[in-house]
Each structure stands twice: as structure tokens, then as C-alpha cells.
């Protein structure tokens, strides 16, 4: 017993003074560096000031060997540079994370991941951006800062909204509202933002009554804040505009403009004038509508926002149609289409595969910290303990290490399972978002652009009867017919209408179109008992895309003259076998492929809990076997 008492006394005599000295040093560093970090953070947007302050704070923290404030200084520098160039900002992100991970400052680690996620989403890199926003929310949970967890959920909801996945957007908005009701750190601004993002998800999901209800309730959180009130009134007016209550819409949009003028911002003013123009066009006051559109164009150009410029082009096009000036309508329609094409080219279909790599990096950091901890304990034992006490210390050390190893293994297993489940949910959300976006774009093409082109054709036909000798009208009619055909073709590719008659009918239609050409011929073999089998509608579209991608790859790249496709039913599984007589390829190249074709196929098969088996040799053709469980 006396050996235990002596060992405890010796350890306390070393640890307590050391901790007291460390605490005094940390307090002194905080008094010196904390005001500088806060001033730099408050100066974001003023690059010179932030650079100067963070350079000093980072250098001083390194000299003082204060990893916490070195990480904070680098974090503020990352946030500043990321506002203008995310690529140049990444070295500061990496540097900050090295220092913050050493001291386990999960709050500032969360700031880093949240800021990175926001900037990536603003660059339309939604998949990667959302993954970092989710990581940030987990960091805030670890730091036990419920207000920041609520803010992170708001950011995630807004990102899903911009991506077009409104169901996920509503889910995270409701989570934000719920958690902000449980903390005293919640502010009217955070509560306002959480309800606002829920309302815009309802609105764009065409749940207009729910959107109005949330917006009216949210007015109390916006009281006294011109910016928030202006946004609230704008959202209410915009919803009334969509449901055709134009007088109510005009009333609230004027209230919005009145509030926004008090805190002028070109982006928000452009939205206000655009919405007012839409209402006036619906009410038939084209003169005032033109004035509002001119104001919207002025502010949209000053804001530099391509989305707002695109909205203004659309309004000019609508005004041209309503005033009978179809040339102006077509010119602005083309300007909007060109700008939209440049934005749509930003990829929205890449799947996030790097979460496991990030986890392995974090795991190695933790292992290094554990090794350092063990080394320090051995050094204490060697320098402070006498020979007759070393045995007890070594036994205690081994017990601690064994417990840590067991805990680490349990923790690692839990983290791997949780991350895999989270990745599966994210993949499903991303693919659902892609399908929803395809449906929305197809409907817009058919309902809006298709109808507008039909009106243009009708008016041109009337002109042709009036001026039959005008060759320019004839050539324009031909161009309009081609455009209508192309719009229908694009809309059909986005949502195959044949799926209304079942998966296999849609596949047969696809193969018939390929066989109608002069190239590859497809033999489709399907037993009658399988033909009547049906999947859930969303799964049918996923299977259709898998087969479409696989056949498309063969037609484009395999130089095959014949493709044989067999569909088999085995127990509770459906197997689709695709075999061609093409040139074949080295299947080892699939993992190193830079294209997204094989990645999309694998992701969709994995989403259906299926299996993908590819066999191929050069000059011997390729066989693809896709096995999918029955979703019934």
C-alpha cells in the first residue's frame, strides 16, 4: 500500500505545478493574442488588415509554441482568402487544421469545415460542400455548442435547397428550429434564419400555404431589422405572386422594397425590382413593369450575380411577349439561355468518395497523439521515479494503453459504421436531387420554353400569311421548328415518357431507336414472366439510367456490331446481363478512369443494394452483369 501512496504523491508533485505553469502561460497568451484574433475576424473583407493581423498573431503564437492560437490565426486567414479564391485559401485551411487538431479545438475545427463547405456550395460544388457542412455540424456537436449546431443545420438546409433537394432542405431546417429552441445561446437572428430557410424550401417545393404560414410567424423574429423584414416581405410577396394573388403580392413587395432601401444591397434590390416587375406584368401595367425591370438590371449588374442578370433577361423576354415585340423577346430569351448554359456546365453529378480517406487521416493524427502521450509518461517515469517504483508505473501504463487500444478499436468501429451510413444517405440524397432536377428542368422546358416557342411559331405563321414573299420569315419558321424538336428531345432524355408503360417497355423503346441506326444492333431477350415484374417508380428510373449508361458506353467506345441483353429472375433477384462483340478493355482501368460513366453506374447499383460484375478482355468483347434485389 505504501508504494501506491508514494507513487501518487510523486506524480502529483510533478503534474500539479506543471499544470499551474501551463495554465498561467495559456492565460498570458490569451490576453496577448485573443484581441488580435477577434479584430482580424471582425475585419473580414479588408484583406490588408486581416493579412497584417493574422501574420503577426500566427508568428507570435508559433514563437510562444501556442498551437491553439496558431490554429485560430490560420483559420481566420483561411476565411479571408476563401472569400476571393478558395484554391489559394486551402493551404491555410490545412495549416489551421494541423494546429487545431493538436489541441482538439473542435469549435474552431467546425468553423473551418463550415466555412469551406459554404464556399464550395457557392461554387456549385454541392456534393463536396455539403459533406464539409455536415462535418462542421459534427464538430460543433463535439464542442457542445448547440447554437453553432443550429447554425450549421441552417447552412446545410440552404445548400440542399440550392441543389434542388427540397425534402432534405426541409429536414435540416426543422432540425435547426428544434435545436435552437433548446439553448439559451439562440438569438432572434438564428431563429429567423432557421424559419426563413424552411419557408423557402416549402415555397420552391410548391407547398405555398406552409411557406406563407412560416413567413408570417417569422415576422416577430425580424422586428427592428430592416434587412430581415425586407427579406420576409419579399418572400411573402413572391409566394402570393406564384399563386396568382397579385394585389397582395404587390403590397408586400412594396413593403420589402421600402425596407431594403434602408440597408441598400444590389443583390437584394435586384430581386425586389424583378418581383415587382413580374406583378405589374401580370396586372397589365407594362410601362411601370419596364421601369422596374430597368432598375433590376442596374442593380443585378452592380451585384455581379449571374443568377440575377439571368432573372432580368427572363423578365425582358416576358415583357417582349406581352407587348407583342417578339424580336426583343427572342433576343433576351437567347441571352438568358446562353448565360444559363454557362452556369449549368458546372458539374452537379460527382459523388463524394473521399470521406474514408479523411477519416484515415484523422485516425493517424490520433495515433500520433497517443504515441506522444505514451512517450511523455515513460519520460516522467524515468526521470521522477526511483527503481523500486518503476514496476508499478509500468503496470499502470500498460493498463492505460490497453484500455486506450480497446476504446480506440470500439470507437473506430463505431465511426466507420456511422460514416458509411451517412455516406449512403448522402449518396441517396444526391441522386434523388439529380433526378428531381432532371424532372424540374424537363417540365420547365416543356411547359415554359415549349409553349413560348409554340407562340412564336404561331405568330410567325400569321406573318407568313400576311407577307408570303418574305424568305426570312420562312427560314425563321424552319429554325423555330428545329428548336421545338430539340426542346422535346432534351425533355424526353431527361424524363423518358416510356417509363409510364413500365421499365422494360422503356428499355425496348431505347433499343429500337438504337437499332434504327446504321451502327450497333441490340438483341433484347426477356421472358414473359419477367416482363410483368415492376419496381418502384424511382427505382425503375435508376435501373433505366444504369442500362442506358452501360449501353451508351458500348455504342460509343467498344466498336461493337452486336449487343445481346438478357433479363433473368432468380429467387428475389433480377439479373440484367449485357454482352457485346466489341474490342474489349482492361477492367483494371475502371478504377483509374477519369470519366464519371462507370462511377455513376457503380453508385446507382450500390444505391439499390445490387452487385456489378464486369468481365472483359481486349479483342474479345465485354460482359456486364447487374444483379438487383426485388424492392417489393
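For the stretch 45-81, which residues satisfy the criterion of being surrounded by fewer than 15 Cβ atoms within 10 Å (Cβ to Cβ) and not in a helix (DSSP H, G or I)? Correct list: 45, 46, 65.
Of all residues in the stretch 35-44, which are in contact with a helix residue (DSSP H, G or I) (Cβ under 8 Å, 6 or more places away or on another chain) and not in a loop (DSSP other than H, G, I, E, B)? Once the filter is applied, which keeps residues that are in contact with a helix residue (DSSP H, G or I) (Cβ under 8 Å, 6 or more places away or on another chain) and not in a loop (DSSP other than H, G, I, E, B), the stretch 35-44 yields 36, 37, 39, 40, 41. Quick check: is even one residue across the stretch 413-422 surrounded by fewer than 16 Cβ atoms within 10 Å (Cβ to Cβ), on the phi < 0 side of the Ramachandran plot, at pLDDT 70 or above and over 27 Å from the mean Cα position of the chain (by Cα)? Yes, that holds for at least one residue. Within this structure, residue 281 passes the test of being crowded, with 16+ Cβ neighbours inside 10 Å and farther than 23 Å from residue 227 by Cα. Can you confirm whether residue 542 is modelled with pLDDT of 85 or more and either under 22 Å from residue 510 (Cβ atoms) or crowded, with 20+ Cβ neighbours inside 10 Å (or both)? For residue 542, the condition - modelled with pLDDT of 85 or more and either under 22 Å from residue 510 (Cβ atoms) or crowded, with 20+ Cβ neighbours inside 10 Å (or both) - is not met. Has the stretch 588-609 got at least one residue that is assigned to a strand (DSSP E or B), surrounded by 15 or more Cβ atoms within 10 Å (Cβ to Cβ) and at pLDDT 80 or above? No, because not a single residue in the stretch 588-609 is assigned to a strand (DSSP E or B), surrounded by 15 or more Cβ atoms within 10 Å (Cβ to Cβ) and at pLDDT 80 or above.
Checked against the criterion of being within 19 Å of residue 502 (Cα to Cα), buried (at least 19 other Cβ atoms within 10 Å of the Cβ) and touching a helix residue (DSSP H, G or I) at 6+ places or on another chain (Cβ under 7 Å), the stretch 572-587 has at least one qualifying residue.
So, residue 581, is that one under 34 Å from the mean Cα position of the chain (by Cα) and within 19 Å of residue 518 (Cα to Cα) or not? Judged against the criteria, residue 581 is not a match.
To keep it simple, each residue is scored yes or no on (1) over 21 Å from residue 321 (Cβ atoms); (2) modelled with pLDDT under 90; (3) in contact with a helix residue (DSSP H, G or I) (Cβ under 8 Å, 6 or more places away or on another chain); (4) part of a helix (DSSP H, G or I).
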site: 248; (1), (2), (3), (4): yes, no, yes, yes
site: 251; (1), (2), (3), (4): yes, no, yes, yes
site: 256; (1), (2), (3), (4): yes, yes, yes, yes
site: 259; (1), (2), (3), (4): yes, yes, yes, yes
site: 264; (1), (2), (3), (4): yes, yes, no, no
site: 271; (1), (2), (3), (4): yes, yes, yes, yes
site: 288; (1), (2), (3), (4): no, no, yes, yes
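Does at least one position in the stretch 614-627 carry a residue that is at pLDDT below 85, within 36 Å of the chain's Cα centre (by Cα) and under 26 Å from residue 508 (Cβ atoms)?
yes
Name the single residue, out of those in the stretch 226-243 being within 12 Å of residue 260 (Cβ to Cβ) and surrounded by fewer than 20 Cβ atoms within 10 Å (Cβ to Cβ), that is nearest to the chain's Cα centre (by Cα). The residue in question is 227.
If only residues of the stretch 285-296 that are free of Cβ contacts under 8 Å to residues at least 24 places away in the same chain and within 14 Å of residue 318 (Cβ to Cβ) are counted, the one that is surrounded by the most Cβ atoms within 10 Å (Cβ to Cβ) is 292.
The values are calculated or read from the model by the stated rules, or taken from the named source; none is laboratory data. Nothing here was measured: the structure is a model prediction, and the numbers come from that model. All Cβ positions, even for glycine, are placed from backbone atoms using ideal geometry, and neighbour counts span all protein chains on display.
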